[in-house]
1. If we keep just the residues of region 1-20 that are part of a loop (DSSP other than H, G, I, E, B) and open to solvent by less than 90 Å² (accessible area, probe 1.4 Å), which is farthest from ARG61 (Cα to Cα)?
2. What is the one condition in (1) loosely packed, with under 13 Cβ neighbours inside 10 Å; (2) on the phi < 0 side of the Ramachandran plot; (3) part of a loop (DSSP other than H, G, I, E, B); (4) not aromatic (Phe, Trp, Tyr) that VAL23 does not satisfy?
3. Cβ-Cβ below 7 Å, separation at least six or inter-chain, first residue in region 26-37 and farther than 14 Å from TYR80 by Cβ, second at pLDDT 95 or above and of a type in the set (S, T, N, Q): which pairs?
4. Looking at the structure I just gave you, is SER46 of a type outside the set (A, V, I, L, M, F, W, C) and open to solvent by less than 80 Å² (accessible area, probe 1.4 Å)?
5. Looking at region 58-75, is at least one residue open to solvent by 80 Å² or more (accessible area, probe 1.4 Å), more than 17 Å from ASN9 (Cβ to Cβ) and not in a helix (DSSP H, G or I)?
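The values are calculated or read from the model by the stated rules, or taken from the named source; none is laboratory data. The shown structure was predicted, so the numbers you read here are calculated from the model rather than taken from an experiment. Neighbour counts run over all protein chains shown; Cβ positions are idealised from the backbone, glycine included. We work out accessible area using only protein heavy atoms, side chains counted, and drop any ligands, DNA or RNA first. Shrake-Rupley method; radii C 1.70, N 1.55, O 1.52, S 1.80 Å.
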Amino acid sequence: MIKLSDMPNIGKELEKQLKKAGVETPGQLIELGSREAFLRIRTIDSSACINRLYALEGAIRNIRWHYLSQDIKDELKAFYLSLNVK
């Protein structure tokens, strides 16, 4: 069984945050989705930025976040901005 930190974009610190937010396995992250996982992380780390959201989506898709399509990045950015983040 792989660990969260075995997924692309998930380092030890993000793995700790995910676990603190109740996400223990890659399967749970995939089932939850990047947006919900990001919202959970924001409750424990208000400084979480859009790159963290991209990282989560990339991990779910098993790619580095840099390779997300522009359409996906645009959708995630719209979600991020809808949170009234400053």
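1. Among those residues, the one meeting the criterion is GLY11.
2. Tallying (1) loosely packed, with under 13 Cβ neighbours inside 10 Å; (2) on the phi < 0 side of the Ramachandran plot; (3) part of a loop (DSSP other than H, G, I, E, B); (4) not aromatic (Phe, Trp, Tyr), VAL23 fails exactly one: (1).
3. Between residues of region 26-37 that are farther than 14 Å from TYR80 by Cβ and residues that are at pLDDT 95 or above and of a type in the set (S, T, N, Q), there is no close pair.
4. Here the answer is no, as SER46 does not meet what is asked.
5. no
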